[in-house]
């Protein structure tokens, strides 16, 4: 990285740091990651199994063994919240990344080639943006994988449950990144270094990868932070409705599956998972907002 | 203009046709098919009966043929029967639309009112305490999981305080209004966040314009300056966003309706998918799509109508 680039990053960092909410939110997100990763150590320390049902201790109040009490089939609530965090955060990151790859590919192709391909891809993007996403996600999530030729055993495995939700969310949430990448690509497409590379016989793929992609990276980063929050919300609502992460694997969304029962029996347990989702999403949105201001002072 | 409109309508028809095929295909991939479900609930049915019934309903035909049959019937407004409700799909959807319009319409009006008040107040003093509070509120509204917000409201106002019913539709006008309060509050908070941010940024941008300074220099009163000169122009992008939010409102309504057992379109689609009610799920989804597409078209038309600099040819 040359001097000018370093100075640019320093300037952005200085601008980002001035946004106190964004800086605090980075701290909150780090805390949430640490919290989630402590699941297994805490489980070992307390000598409990957060996946084993114990019907004799349903809805036990907090104790030295179960710091936040136990759930409807006697499992430790705190440790399940931590494991649920791993799942929810992992889905959020994975779906955002997969969506970013789709969006970047669409945006690059549309911006670089222009013309008919551009028109077609952008119509497609507009079409997807216009869809009622949540009802559509529910239909996607209800698809029976065995009818797609996947064996019943594989379809029921936890890994399939995880990737299926990642893929369906990514399939609907790549549009904002595609638009941004297209706009950024259009802006650099006619720059001298791109023309020089093309003139010296570089292939389209090479030009896109080595000359255009690095120059459109910053809007992608900003858009991704703004997408993570939305994706985590999608995961939580799908899991909550019973179409996402399937128990016994916990996620912050599916821990509220029996909210109706929790509300009357253990109200605190109806609050914790949602509070964690809320904290994660609002922190991610503050960070995204801060990044946007730091990277693009005009907006 | 007529040509533009015709083009856009043609586009909507194409998207609807594509969507109907995609959703038809997806729904065919959902677990079980209607005859299998019927057979599972009735031990008297033999394997031959199942095959005969499938042939009778055309379920043994390839996807394209079945879709074509469905499409030709649908174009004559015959959408088939709802399996769960044992009624024509049309008769189930009608009342559901009405309920969603009540819920989503009220929430839209309320969230716009909140957004206008807070957005304008924030834009007048950027960085002030009201701006900070409004921006926090906006971020909270965007970031809160709708179902959890509903849980909190039920917990607070129905379980703890006992002021309002936790779910259901109520009977009679007065009771129905009582049943509407919590769902409308949920949906309003969830939608207002976006609007507050838009009104604020749009208003700030307009207030920086030269014509505002000119008007102020001419001695236009503060009230008139804000409402006639600034707000009218600031509202143009806001109107577009509101129309674009049709789809979002639908998604939000799905969760809210499910949480409060409000029998609108969202809950209907959700129940239809859960209950393998193919015909109903299909038409419900297509209706939601059509509504969203029309909302987008309205947004573009409103934009051109409000801003004379823009014209579509």
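The listed residues are A:18, A:58, A:75, and the only one of them that is out of contact with any helix residue (DSSP H, G or I) (no Cβ under 8 Å at 6 or more places or on another chain) and within 30 Å of residue A:290 (Cα to Cα) turns out to be A:18. Counting only residues that are over 17 Å from residue A:20 (Cα atoms) and modelled with pLDDT under 85, which one in region A:270-299 is surrounded by the fewest Cβ atoms within 10 Å (Cβ to Cβ)? Step by step, filter region A:270-299, then rank; the result is A:298. Here residue B:263 fulfils each of the conditions (1) within 30 Å of residue B:28 (Cα to Cα); (2) within 14 Å of another protein chain (Cβ to nearest Cβ) apart from (2).
Go over the candidates B:212, B:196 one by one and state the one that is surrounded by 24 or more Cβ atoms within 10 Å (Cβ to Cβ) and over 16 Å from the mean Cα position of the chain (by Cα). It would help to see each step written out before you state the result.
Numbers: B:212 fails: surrounded by 24 or more Cβ atoms within 10 Å (Cβ to Cβ).
The conditions single out B:196.
Could you tell me whether region B:114-125 includes any residue that is in contact with a strand residue (DSSP E or B) (Cβ under 8 Å, 6 or more places away or on another chain), touching a residue at least 24 places away in the same chain (Cβ under 8 Å) and under 30 Å from residue B:171 (Cα atoms)? No; the residues of region B:114-125 include none that is in contact with a strand residue (DSSP E or B) (Cβ under 8 Å, 6 or more places away or on another chain), touching a residue at least 24 places away in the same chain (Cβ under 8 Å) and under 30 Å from residue B:171 (Cα atoms).
Here is the figure for region A:192-223: residues that are outside any helix (DSSP H, G or I) and either buried (at least 22 other Cβ atoms within 10 Å of the Cβ) or modelled with pLDDT of 85 or more (or both) total 1. Taking region A:152-162 as the range and being surrounded by 15 or more Cβ atoms within 10 Å (Cβ to Cβ) and without any contact (Cβ under 8 Å) to a residue 60 or more places away in the chain as the test, the residues that pass are A:155, A:160. Taking region A:234-248, which residues are crowded, with 17+ Cβ neighbours inside 10 Å and more than 11 Å from every other protein chain (Cβ to nearest Cβ)? Within region A:234-248, A:244, A:245, A:246 qualify. Within region A:92-110, one or more residues are assigned to a helix (DSSP H, G or I), modelled with pLDDT of 85 or more and within 14 Å of chain B (Cβ to nearest Cβ). Residues in region A:133-173 that are more than 27 Å from residue B:289 (Cβ to Cβ) and facing chain B (nearest Cβ under 9 Å): 1 in all. Picking from residues in region A:127-151 that are assigned to a helix (DSSP H, G or I) and without any contact (Cβ under 8 Å) to a residue 12 or more places away in the chain, the one that is surrounded by the fewest Cβ atoms within 10 Å (Cβ to Cβ) is A:148.
For residue A:192, the conditions (1) in contact with a helix residue (DSSP H, G or I) (Cβ under 6 Å, 6 or more places away or on another chain); (2) free of Cβ contacts under 8 Å to residues at least 24 places away in the same chain all hold with the exception of (1).
To keep it simple, each residue is scored yes or no on (1) touching a helix residue (DSSP H, G or I) at 6+ places or on another chain (Cβ under 6 Å); (2) under 21 Å from residue B:267 (Cα atoms); (3) in a loop (DSSP other than H, G, I, E, B).
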residue	(1), (2), (3)
A:236	yes, yes, no
A:239	yes, yes, no
A:243	yes, yes, yes
A:251	yes, no, yes
A:269	yes, no, no
A:283	yes, no, no
A:291	yes, no, no
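Comparison of B:280, B:291 shows that the only residue that is at negative phi, part of a helix (DSSP H, G or I) and either within 11 Å of another protein chain (Cβ to nearest Cβ) or surrounded by fewer than 17 Cβ atoms within 10 Å (Cβ to Cβ) (or both) is B:291. Here is a list of conditions, (1) under 28 Å from residue B:77 (Cβ atoms); (2) at pLDDT below 85; (3) touching a helix residue (DSSP H, G or I) at 6+ places or on another chain (Cβ under 6 Å), and residue B:252 meets all of them except one; can you say which number that is? Residue B:252 satisfies every listed condition except (1). All told, residue A:230 meets the bar of being under 18 Å from the mean Cα position of the chain (by Cα), within 10 Å of another protein chain (Cβ to nearest Cβ), without any contact (Cβ under 8 Å) to a residue 60 or more places away in the chain and in a helix (DSSP H, G or I).
So that you can scan it fast, the table gives a plain yes or no per residue for (1) more than 11 Å from chain A (Cβ to nearest Cβ); (2) under 24 Å from residue A:128 (Cβ atoms):
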{"residue": "B:190", "(1), (2)": "no, yes"}
{"residue": "B:202", "(1), (2)": "yes, no"}
{"residue": "B:234", "(1), (2)": "yes, no"}
{"residue": "B:241", "(1), (2)": "yes, yes"}
{"residue": "B:244", "(1), (2)": "no, yes"}
{"residue": "B:259", "(1), (2)": "no, no"}
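At least 3 residues being within 14 Å of another protein chain (Cβ to nearest Cβ) and buried (at least 18 other Cβ atoms within 10 Å of the Cβ) is the threshold, and among the helices (runs of 4 or more DSSP H) wholly inside region B:59-160 those reaching it are B:89-124, B:129-143, B:146-153. Residues of region A:253-266 that are part of a helix (DSSP H, G or I) and modelled with pLDDT under 85: A:259, A:260, A:261, A:262, A:263, A:264, A:265.
Just to be sure before I move on: is residue B:302 within 11 Å of the chain's Cα centre (by Cα), outside any loop (DSSP other than H, G, I, E, B) and touching a residue at least 24 places away in the same chain (Cβ under 8 Å) in the structure I sent? No.
The values are calculated or read from the model by the stated rules, or taken from the named source; none is laboratory data. In this text the structure is predicted, and so the values were computed from the model without any measurement. Methodologically, a virtual Cβ is constructed for each residue, glycine included, from the backbone with ideal geometry; neighbour enumeration extends over all protein chains shown.
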